[in-house]
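Below: the structure, in structure tokens.
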Amino acid sequence: MKLGVCYYPEHWPESDWAEDARMMREAGLTHVRIGEFAWARIEPCRGEFDWGWLDRIIDLLHAAGLEVTLGTPTATPPKWLIDAHPDILPRDEHGHPRRFGSRRHYCFSSRTYRAESSRIVEELARRYGEHPGVTMWQTDNEYGHHGSDESFSSDAVEAFRGWLAARYTDIQSLNMAWGTVFWSQTYNGFDEIDPPGATVTEANPSHRLDWRRFCSDQMCSFNQAQVDIIRRYSPGRPVTHNFIGDFFRLDHRDISRSLDIASWDSYPIGLLSESQAPKEHKARWLRSGDPDFAAFNHDVFRACAPRWAVMEQQPGPVNWATYNAAPAPGMVRLWTWEAFAHGADFVSYFRWRQAPFAQEQMHAGLLAPDRPPQPVQEEIRQVGHDAAQIPALKQSRADVAILLDYPSAWQHEIQPQGNLRGPLEPTRAVYTACRRLGLNVDFVFDDSDMDGYKLILLPSVPVISDAAWNNLKSSGATVFATALTGSRTIDGRIPDGLAPGPLRPDLGLRVEQLESLPSFEKCSVRIEDKNYGSGRWHETITTDAEVRARFSDGSAAWVRSGRFQYLVCWPEEDLMRELLERLCRETSIQCRDVGPDLRLRRAGDLTFAFNYGPDALDLSQIGAPADSGGYKIGSRHLAPYSLAAWNAGL
């Protein structure tokens, strides 16, 4: 449970550095990330390196007892490099270059840039790989951000064609997989294929799905090249990358196979502002962030790598959202502890000192631009005081898991079948419903070990690989899926025998028709003597499975065949909660509704409670200790935007 900060010594007079280091230690910080945007300072001209300033700051931080995470500077290629090799720049779908002047101005497929990236990383790793102060490495910065996940450069076109040739071997196989006979799209060779951009109307969805796979693979291979160099010159030191919260156009599981730690950048208020959530939702959690945003990403990245962390934690107003509210007093402490409760190795705040120049002038730091400490530092110190009362936190497998599949997210993006607020909206909705019931949740992938779970949820997961279904069947868990699950093959086609694809024989059903419905069209689902709401998707099925609930017209809505269950619609909140409560009872999972503002997390013998709302809560109402002496942090009277922790479950 270590605390860190992101620091940019190149932004400040060298005379400030020693005092900054002293103040960091005084604030309880132990880790400092530096260097990820400093290429032009390290190498002002090609082949002319200025190592002196970087030597001095690493030595100074190390002498002050601070561990250094050194970032590779490849997110910001310098101007001299762009001028010498303009082919490095990414191009939009119309072939226009994205210009120098901000960041992430490179194409992942650029052969020139791959060589230049390897060159600067090797120089950096060779010089600092054995430095005792450098205890961790970060590759690049926020892969895919600002739409940099895709580029339509000539190098990208050539690489995509090679990727397709490797995947399909012959062009006839590709034509069959993509269904190119439709609209006379047939190809005679791989060299005829371009990326799916700037078409008159919708591009072939299988083409788009493979393009998404290709773009993700390019980011993975770009990262792997850096990791290989770092491991050669700096053996034994962990390597991480700081992913973007809620960015799923990159397969985090795939890229994390090369990492020791999957870290991510947590900006709960900024990303809520930029989300497609309804206005009333944004208003309710304006100063605390959605109660399930950070936890969702914690659990995703916890599932991706052996260790995980928060590399950038929002400490105040950001500069890049439409509206940039300040966190409510107490929220930075709450976010920090929620990360630790989910198993984070460390939490690092962005940034140390607010910059009075350039693009991030309005982004808060732990110091004001003229150096006085911001009040949030008291919350950070309180985290340190709290930690003295808490033993090392243990993580154990949850009873409930949710299957997370990146091609399915891409399929929802490509052919959403209705107005989704993002391709992971169904997954998020199920996760929120589980958290509302006080449950710990794990995410699993198609190749995950699923043994030991009592309940595995498939929230409208269109692409179910054979490996995923075999692991689900052998897990012993109750498996519950919702509409659209198994509705596409890995190539993005309707499966032979129709949906739910590989689930069909075990579920004993076949989807004959799918409707996508507007928000004003509801379907009533009756369970026992009560009606519940559903909408968005409605499937008509034929089945020989047990019917557990029906629509008002008598047709099957919820069916069960042995351990496998299927809902042929999308449930509204009341139905979602009712279904989950029933599934928990049937699988001997303890749960209870904790309300909209309270969230719980069990870590070993400790239970944490987090209050995201503006009103105080009495934790004894959910079965927590009534005696305040039973709490490691806080008490039964949980103040707004605060937390408590106690020994024992509910």
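Projecting the Cα positions of Ala433, Phe350, Ala303 onto the charge dipole of the range 292-450 (unit charges on Cβ atoms of Lys, Arg, Asp and Glu, taken about the Cα centre) puts Phe350 furthest along the positive direction.
Which shape class, rounded, prolate or oblate, goes with the range 400-586 when its Cα gyration tensor gives a ≥ b ≥ c as root eigenvalues, a/c under 1.5 marks rounded, and past that a/b bigger than b/c marks prolate? Don't skip to the answer; put the middle values down first.
Values: a/c = 1.24, a/b = 1.11, b/c = 1.12.
The shape class here is rounded.
Annotation: extensible slack from His637 through Arg582 equals 16.8 nm (criterion: 0.36 nm per residue apart, minus Cα-Cα distance). Charging the Cβ of each Asp and Glu at -1 and of each Lys and Arg at +1, and nothing else, the dipole of the range 542-619 about its Cα centre rounds to 380 debye.
How large is Rg/Rh for the range 151-253, to two decimals, with Cα atoms and a Kirkwood Rh?
That ratio equals 1.07.
Ranked for footprinting exposure by Cβ neighbours inside 10 Å, fewest first, His385, His62, His241 give His385, His62, His241.
How big is the Kirkwood radius of the chain, worked out from every pair of different alpha carbons and given in Å to one decimal?
Working: mean 1/r = 0.0381 Å⁻¹.
Taking the inverse mean of 1/r over all distinct Cα pairs, the chain comes out at 26.3 Å.
Among the complete DSSP H segments of the chain, which ones combine at least 24 Å of alpha-carbon extent along their axis with a mean Kyte-Doolittle hydropathy of -1.0 or more?
Working: long enough: 111-128 (26 Å, -1.21); 205-233 (43 Å, -0.87).
Qualifying helices: 205-233.
Sorted ascending by nearby beta carbons within 10 Å, beginning with the fewest, Arg114, Arg46 become Arg46, Arg114.
Taking every DSSP beta bridge that has both residues in the chain, what percent is antiparallel when rounded to the nearest 5? Walk me through the numbers on the way to the answer.
On the way: 43 of 90 bridges.
In the chain, DSSP labels about 50 percent of beta bridges as antiparallel.
Determine the calculated [θ] at 222 nm for the chain from helices alone, applying -39500 (n - 2.57) to every DSSP H run no shorter than 4 residues and normalising by the residue count; nearest 500 deg cm²/dmol. Intermediate results must be reported in sequence, preceding the final value.
Numbers: 19 runs with 203 residues, N = 650.
Roughly -9500 deg cm²/dmol at 222 nm, from the helical runs in the chain.
Mean separation of Cα pairs under 8 Å and 6 or more residues apart, divided by the residue count, gives the range 598-647 a relative contact order of 38 percent. Excluding same-chain neighbours fewer than eight residues apart, the aspartates and glutamates reachable from Lys394 by a Cα-Cα span under 12 Å are Asp345, Asp605.
For the pair His281 and Ala368, what calculated FRET efficiency results from E = 1/(1 + (r/R0)^6), where r is the Cβ-Cβ distance and R0 = 30 Å, to the nearest 0.05?
Numbers: r = 32 Å, r/R0 = 1.06.
It comes to 0.40.
Note on Cys45 and Glu546: the model spin-label points, each 7 Å out from Cα along the C-beta direction, lie 8.0 nm apart. The modelled label-to-label distance for the pair Glu158/Asn188, using points 7 Å beyond Cα in the direction of Cβ, is 2.3 nm. Taken along the Cα-to-beta-carbon direction at a fixed 7 Å, the label points for Asp553 and Asp87 span 5.9 nm. Taking θ as phi - 60° and the Karplus parameters 6.51, -1.76 and 1.60, the scalar couplings of the range 262-274 work out to 9, 10, 9, 9, 9, 10, x, 7, x, 6, 5, 4, 8 Hz in sequence order, x denoting glycine and proline.
What is the order of Met136, Met23, fewest Cβ neighbours within 10 Å to most? List each step's numbers first, then the result.
Working: Met136 23, Met23 18.
Taking fewest neighbouring Cβ atoms as first place, the list is Met23, Met136.
Stretched out straight at 0.36 nm per residue, the stretch from Glu10 to Arg257 would grow longer than its current Cα-Cα span by 85.7 nm.
Amide H to amide H distances under 5 Å link Gly535 with Cys523, Trp570, Glu572, where only residues 5 or more positions off or on other chains count and H is placed in the peptide plane.
Only Cα pairs under 8 Å and at least 6 apart count here; give the relative contact order of the chain as a rounded whole percent. Walk me through the numbers on the way to the answer.
Values: 1326 pairs, mean separation 63.3, N = 650.
Reported relative contact order: 10 percent.
On the beta carbon distance between Asp605 and Asp228, with R0 = 45 Å, the FRET formula returns roughly 0.65.
Any read-out appearing in this document is the output of simple, stated calculations on the displayed coordinates, not a laboratory observation. Source: prediction; values computed, not measured. Backbone-built Cβ (ideal geometry, glycine too); neighbour counts: all protein chains shown.
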